[in-house]
Structure formats: structure tokens, C-alpha cells
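Read the structure below first, then the notes.
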Amino acid sequence: MDTKNLGFNSKLIHSGQFHDEFGSATVPIYQTSTFSFKSADHGAACFAGEEDGYIYTRLGNPTINALEDAVADLEGGYRGVATSSGMGAVTAVYFGMLGAGMHMVGHNAMYGPSRMVMETLFKKFGTESTWVDATDAQNVLDAIQDNTKLIYLETPANPTMGITDLEAIVKIAHEKNIPVCVDNTFCSPYLQQPFDFGVDIVLHSMTKFINGHADIVAGMVITKTEKYYSEIRGAMMNIGSNMDPHQAYMVNRGLKTLAIRIERAQESAQKIAYYLENHPKIEWVKYPGLKSHPQYELAQKQMKGPGSMISFELKGGFTAGKTLMDNVQLALLAVSLGGVETLIQHPASMTHSKIPKKSREEAHITDGLVRFAVGIEDVEDIIADLDQALVLI
Ligand code: LCS
């Protein structure tokens, strides 16, 4: 169906979806590794790209393509490239856009492995990177070199909740013909659409909000136009970081309730952020919906809502944070985010532990920072859980 004039909630249900010859309400799982050709000529034509047709699931599959079309439509992009994980999406962009002798500039606070894979594996093959505090666009400009081929951002950033001015950075980058990629995982297309600000490539760990049920690991890259699409799809197909049809079915199922899940968690997160900000044992809270957030005004302009991720630090630093994490009962002590259940974790010893301490400190990922991913339970229960654990500190 043509979804062009539909609202976002309607697109969530209908974008990319097709119904099979039996009239199935949902996109079926085409659990097949390969597809038979009608004839030898048809097979040759499919390989030559002269005829449409599925060949082999690593290269394309109807269930996976439905999800790619859905997310691309929601982001307002050209086409999507589904991947086996969020890291599969990150590395498909790196492999597709970069090579030996090339350089990229990244935000210094972002999901740990997205930075570490560049500073270790890609460095080994001759790609250089510079990591700066991109919440000040001038730092990005200062880090650009003659061989810079990619600006890579994450906003809000995991786990500092720092917000980057996409419009300002796109302006700087495009003046020098450098494409900008944004990891939109923390917002999903429901809360932020980076293409509206001129960004060229958007990616997601769909393990988080898009799937939303903590039962699947998956990723997606979307390009704004045809440019860069084939390089990134080609990288994904040849590395083999493709999605599986069953995985695609599950994500497509979770996607449909994205808006109502986010609305619910976000409403609770705002209340929890106020509660934490006013608690005598809390040193600081970073949440884009609080006026105390350093980029509050920018968040209002760039995001449709503040989301459901909160970072905070307790008075008493890591020792106090450890007591809190060991004593919450409703919140699960677990990494990941964006699912229906509330999670709490400690980035310095968990998600960002592979980043050297000095780089972590430069990026404001302090040893006492606790990350809280708000789920869709009753907010009174989440606050009561925090309350009983905070008493013990
Ligand atoms: N980008 C962001 C912003 C992420 O938060 C993650 C995972 C990834 C990319 C990678 O996605 P994956 O391969 O795991 O699907 N973030 C995690 C986190 O904060 N805790 O555990 C995983």
C-alpha cells in the first residue's frame, strides 16, 4: 500500500508490509536459504541484475526486505540494509565508507564497541579515527583532515546522554563533502529523524526500541538517497552480517507497537528523572527532558520527545552506585535498553569497560555513572523500587 500520506502510527502498521496469496495479515517468514529460478536464463538474469528475483537469503529475502522497507519509510530514507546486530550495522557502514589511508571523526562518548572496533580492528587495516566531544560542533571542524571520509555521531549518546547539533555538524561536513552518519538507536524514528537535518546515513541497533522486547539482536542501516546505499549493502552482503528471516519477522512484530511503548516509557522516565533530581543522595541527573540538561534547548528542537534513558551519579560515586544496583528488585541489573522491562547498569565496568579509563574520563563516562533504561511497568513501582534501594546507601 502507498503509505506516503499516512501518519507515523499508521506507517508503523502498514509500511513495507505485504500480504501473501492466502491473504495473510502479517508478512510470512520465508525461512529459506535459497530460491529456485524458473530457468537457467532467469537465474543468469537475476545474477546480472536484469530481472527482479530472490537468489539467496544473504543477498535478500522477502521477510527481511519487508522490514527494510518499513524502517526506511519510517526514517524517511531511500532504502534499508538489515543486519544481524547493531554492530553489524555499525561495521557495514565502516566497511562501506572507509578504507586504508582514510580517516573518520567520531563523538567521544558513544556505545563502547562502536568506538573500539574502529580503534582496534579498523586501525589494524590502516583506517584512522579521531574522537572529540561533538556536542561542540567546533571540535568536529577542528578534527577534520584532508582524508576525512566520514563523520560518525550518536545522539543522545550512550551513556552520557550528550546531544549533538545535527544541523550544525551537517553544515560543517557538507561544506567539505564529508557524509554524516548518525546512530539513532536511543530515539528510534519515532523521536528523531536525522534525515530532516541533512544527515546522509542513519543506523540502529534494533535490539533496542525498534524490536522492543529484549528477545532479539538486530540492526539496520538506512541511507537518505541512493548515494552510499550500494557500498553499504555490498559490505553487508560480503561480510555476511545479514539478518535471518525469523529475526526479521520478530522485529517486524515488535516494530508495530513502537510508538505506544515509547510514549509510555517516556512519560514514566520524565517522572523518574524529577524524582532522582530531587533525591538528596543523587549528585546529578542527565535526562533530555530536564531543564538542567546542558543541551535541553537543542533536545527540544531536534527530538520529538526526551525518550526513556536516564544517566545519573550518586553522591558516594561508584560504591553507592554498586549498592543501588545490588539492591533494586524490579529493575533488572542488565545491559541493553529499549525493551519493555526496566534495566539498570554501570557503563564503566560493563558496556564501556573496553574503552581506556583516560578516554572514558575525557568523554565524561565517570566511574560513578549509572544508566537507567525505563520500561513500561507502573511508574509508581519503578520509583518505589529505586526508593527502597536508595535508603540502603
Ligand atoms: N549502538 C548503540 C547506541 C547501542 O546502544 C548498541 C548496543 C549498539 C549500537 C550495538 O548494537 P547490538 O549489536 O548490541 O545490537 N548497546 C548496548 C548497551 O548499551 N548495552 O548492551 C548493548
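The values are calculated or read from the model by the stated rules, or taken from the named source; none is laboratory data. Predicted, not measured: the structure shown is a model, and the values here were computed from it. Methodologically, a virtual Cβ is constructed for each residue, glycine included, from the backbone with ideal geometry; neighbour enumeration extends over all protein chains shown. Note: areas computed on protein heavy atoms with side chains; ligands, DNA, RNA excluded. Shrake-Rupley method; radii C 1.70, N 1.55, O 1.52, S 1.80 Å.
Annotations
- Using a cut-off of 30 Å between Cα atoms, the listed pairs Lys256/Lys357; Lys124/Lys322; Lys286/Lys354 include Lys256/Lys357; Lys124/Lys322 as exceeding that distance.
- Using C-alpha pairs below 8 Å separated by at least 6 residues, the relative contact order for segment 191-342 is 26 percent.
- Area accessible to solvent at Tyr54, 1.4 Å probe radius, in Å²: 80 Å²
- Using the rule -39500 (n - 2.57) for each DSSP H run of four or more residues, divided by the residues of the chain, the 222 nm mean residue ellipticity is -11000 deg cm²/dmol.
- Residues listed by number, segment 374-393, amide nitrogen under 19 Å from Asn278 label point at 7 Å toward C-beta: 379-391
- Average Cα contact separation per residue, the chain, under 8 Å, 6 or more apart, as relative contact order %: 17 percent
- Reach of Lys315 by Cα under 16 Å, taken over aspartates and glutamates that are not fewer than 8 positions away in the same chain: Glu277, Glu283, Asp367, Asp387
- Summed over the residues of the chain and divided among them, the accessible surface reaches 42 Å² per residue at a probe radius of 1.4 Å.
- Sparsely packed loop sites in segment 209-306 (the GluC sites (Glu not before Pro) outside DSSP H, G, I, E and B with at most 12 other Cβ atoms within 10 Å) comprise Glu226.
- For the chain, the pair-distance distribution built from all alpha carbon pairs, in bins 10 Å wide starting at 0, is 5, 23, 32, 24, 12, 3, 1, 0 percent.
- Cα-Cα pairs of segment 85-132 separated by more than 15 Å (percent): 36 percent
- Aspartates and glutamates with Cα under 18 Å of Lys11, excluding same-chain neighbours fewer than 8 positions away: Asp2, Glu68, Asp69, Asp73, Glu75, Asp196, Glu263
- Out-of-range pairs (alpha-carbon distance over 31 Å; input Lys176/Lys301; Lys4/Lys301; Lys224/Lys304; Lys171/Lys208): none
- Highest mean packing first, where packing is the average number of other Cβ atoms within 10 Å per residue, the peptides 60-69, 120-129, 202-211 line up as 202-211, 60-69, 120-129.
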